[in-house]
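Have a look at the structure below, then the notes.
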Amino acid sequence: MTAIAPRREDDALQLKPRRDPFLIILWIILVTFALVWIAPVVLIAFTALKSNAEVMATSAFTPPQEIAWNNFSGAWARGNFETTFKNSVIITVIKVPLGLMFSAMAAYALARIRLRFGKLLLLFFLFGAMIPFQVMLAPIFTLLNGFGLIDTYPGVILPYLAFGVPYQVFILHGFFKAVPKELSEAALIDGASHVTVFRRIFLPISLPVLAALLILDFVSTWNEFAMALVLLQDRHMWTLPLGLMSFQGQFSTDYGQLNAAIAMTVFPAVLVYMIFQRYFVSGLTSGAVKG
Amino acid sequence: MATVQVSDLRKSFGALEVVKGVSIDIRDGEFLILVGPSGCGKSTLLRMIAGLEDISAGRIDIGGRVVNTLSPKERNIAMVFQNYALYPQMTVAQNMGFSLEIAGMKKAEIDKKVAEASEILGLNPLLKRKPSQLSGGQRQRVAMGRAIVRDPDVFLFDEPLSNLDAKLRVQMRAEIKALHQRLGSTIVYVTHDQVEAMTMADRIVVLRGGCVEQIGTPLELYDHPENMFVAGFLGSPSMNFLRGKIEGQSLLLAGGERLALPSLPMAEHGGDVVVGVRPQGFSVGTQDGARATIKVVEPTGADTHVLADIGGTEITCVVNDRVDFAPGEEVRFSITSKQVHYFDPTNESRIG
Ligand SMILES: Nc1ncnc2c1ncn2[C@@H]1O[C@H](COP(=O)(O)OP(=O)(O)OP(=O)(O)O)[C@@H](O)[C@H]1O
Ligand SMILES: [Mg+2]
């Protein structure tokens, strides 16, 4: 015993520091979750690339033997994707940047401009983030109907904006509040107006947050289903999720094409993520102030 | 370059008044330093001059123009913040040129001005770097560069050196002073470091609790402090205060010890007085003087600080030679300084 003990200490000195068991457990949990999450993605990708015959013949997780690209063109044509895709693009491309811009400006005003009812206004925004939209669906429908906005782009974009802005304001307000006060004061002394301070100082240093919010908002707008279902009755105004739903109802046995349709729906969100994730660099404010 | 007049300036945060009627006339090209303990309202006063804080009452004139309601940018001032407040996403050159860019100056002209300023401050090799890639001293210099490119009427500094280490602070102190001589501009400088105030200022304003205690040149304040607060605030180590009665040519301390005085107050004073003596104004020996007990001996290398107890009053004295007293040892103190200060113990103001 006594002879072995020192040798083990010796070994311990040679080897890398012992791993924290907590970290190992964390890793195991993460890998498990990743697998659970990846499985359906792989399933969709594989199935989308298989012909119907192959789908029936092989197991779900075997890679496709022969790549059936025509699933995509078939689904595109049969599912009226041209229209739904166009509608989704128009709505998302207008709503996401516009909403983010409104939110950022509101958050800046609440965080940096002394307003008489600033706190109350912020509370009001938070309240907006807390109301589930399902509750509001019927009144919104009535309201939009009254304005004749059902089955129009503004008719979806406006409610999307209204429900997207509060939580973005909430997050951006927290971020802007944490920007050192001296930074905006220095800019004010340098002769900048609030617009300049916002555009030249706050927007650049909050790029990581803005990118994160943009991705989240893009995905949720792109995939939004329930509100669109109520507000868009006309097939020609449908967005992708609605189109996909109807496609599934009509052609649910054509697994290849169905999964190709799903893949096409998801793809833009992945693309946007890839484009904007490079802005996720941390420490953009480092060096601004000491300590 | 401009004069700055602060007249009966007041500032309240809610019910709390933090600046209570301050009046200062700052001359054109003067280097004025505001000192005072933490929380006395120095930053608030400076920020009011800058226009970052509303004025509750009173008036501020810059260059003969009332600026009470003007925004910071209309006052033509530049400010250097304690934590520098550099724009993190911009390079050093962009940081310095930002104000000129906003003012709509041409690119070539901005480059020229930035080059001039960076030449003065030795920032040339750093112009392409971001603030996060600079050391504390370099950031400090960029913050000053950002101020000087604009040719402002008045420079405002809020404890610009307090984040630097001791050596760099001494160096930057000299640089700021040289800069002032070179630019000849009006500077209002806030610090709580009395050494900074003594070495750099043309005039010093001592603040306490939102009120001006005294305004004057460093030596005026050092030699003729108006009250015990100013006397104790300037000079290091700070002045010793001995309380007692004057009897003939000496001071009778509470413990019964006597200290011979070099001079007497102008006005006849029967009751208790407080005598202020700088630590350098004592001699410590074993022969004659008031009996005292050594408490601590601190050699600093150049001289030695001796803390002792004279009849219940603790005093600090600085002696030039290396003394070797042990704590608890009994020694004799006498006053060698020609100048002592007399204060009224009730209102703490100067007598005679
Ligand atoms: N925005 C504010 N709201 C309420 N009180 C404030 C505000 N700003 C400052 N004060 C108070 O005003 C007083 C003076 O503050 P100020 O910052 O001017 O002190 P200072 O002399 O600069 O001190 P320091 O040397 O610590 O920087 C302090 O008591 C402070 O608590
Ligand atoms: Mg301060």
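Every number in this text was worked out from the coordinates using simple rules, so none of it is lab data. Predicted model, so just to flag it, every value in this text is computed and none were measured. Cβ: placed from backbone, ideal geometry, glycine included. Neighbour counts: every protein chain shown.
With the convex hull drawn around the C-alpha atoms of the protein assembly as shown, the volume per residue stands at 296 Å³. Placing unit charges on each Cβ (+1 for Lys and Arg, -1 for Asp and Glu) gives the range B:4-233 a dipole about its Cα centre, and among B:Ala93, B:Leu34, B:Pro218 the Cα reaching farthest toward its positive end belongs to B:Ala93.
The packing ranking, built from the mean of other Cβ atoms within 10 Å per residue, places the peptides A:132-144, B:68-80, A:181-193 in the order A:181-193, B:68-80, A:132-144, highest first. Only the Cβ atoms of Lys and Arg (+1) and of Asp and Glu (-1) were treated as charged; on that basis the dipole of the protein assembly as shown about its Cα centre amounts to roughly 1600 debye.
Farthest toward the positive end of the dipole of the protein assembly as shown, out of B:Ala292, A:Ser184, B:Leu16, is the Cα of A:Ser184, where the dipole comes from beta carbon charges about the Cα centre. Amide H contacts of B:Val154 (H built 1.01 Å from N, in plane; Pro and chain starts excluded): B:Ala78 sit under 5 Å, all sequence-distant by 5 or more or on other chains. Per residue, the convex hull spanned by the Cα atoms of chain B measures out at 165 cubic angstrom. Residue by residue, the range B:38-44 carries 3J(HN,Hα) couplings of 4, x, 7, x, 4, 4, 4 Hz when phi is fed to the Karplus relation 6.51 cos²θ - 1.76 cosθ + 1.60 (θ = phi - 60°); x denotes Gly or Pro. Working note: Karplus 6.51/-1.76/1.60 with θ = phi - 60° gives the range B:98-115 the couplings 4, 5, 5, 4, 5, 6, x, 6, 5, 4, 4, 5, 4, 4, 5, 4, 4, 5 Hz, where Gly and Pro are set to x. For B:Arg65, the shell of other residues with beta-carbons less than 13 Å away shows a net charge of -1, using +1 for Lys and Arg and -1 for Asp and Glu.
Look at the stretch A:200-207: the mean tally of other chain Cβ atoms within 10 Å of its residues' Cβ atoms is 3. Could you pull out the pairs from A:Lys181/B:Lys11; B:Lys107/B:Lys130; A:Lys119/B:Lys73; A:Lys181/B:Lys113; B:Lys11/B:Lys73; A:Lys119/A:Lys181 whose alpha carbons sit more than 23 Å apart here? The answer is A:Lys119/B:Lys73; A:Lys181/B:Lys113.
Sparse packing (at most 11 other Cβ atoms within 10 Å of the Cβ) combined with a DSSP loop state is found for none of the GluC sites (Glu not before Pro) in the range B:185-244. Using the Cβ of A:Ala187 as centre and a radius below 10 Å, the other residues enclosed give a net charge of -1, where K and R count +1 and D and E count -1. I want the local charge near B:Leu219. Using Cβ-Cβ distances under 15 Å, sum +1 for each Lys or Arg and -1 for each Asp or Glu among the other residues. Local charge sum for B:Leu219: -2.
Partner shielding of B:82-95 amounts to 6, given as the average count of beta-carbon atoms from other chains within 10 Å of each residue beta-carbon.
For a paramagnetic label modelled on A:Gln250 (point 7 Å from Cα along Cα→Cβ), amide N atoms under 11 Å away are absent within the range A:137-163.
Label-to-label distance, A:Phe133 versus A:Phe267, with points set 7 angstrom from Cα along the beta-carbon direction: 2.6 nm. Summary of packing: across the peptides A:66-72, A:171-177, the per-residue average of other C-beta atoms within 10 Å ranks them, highest first, as A:171-177, A:66-72.
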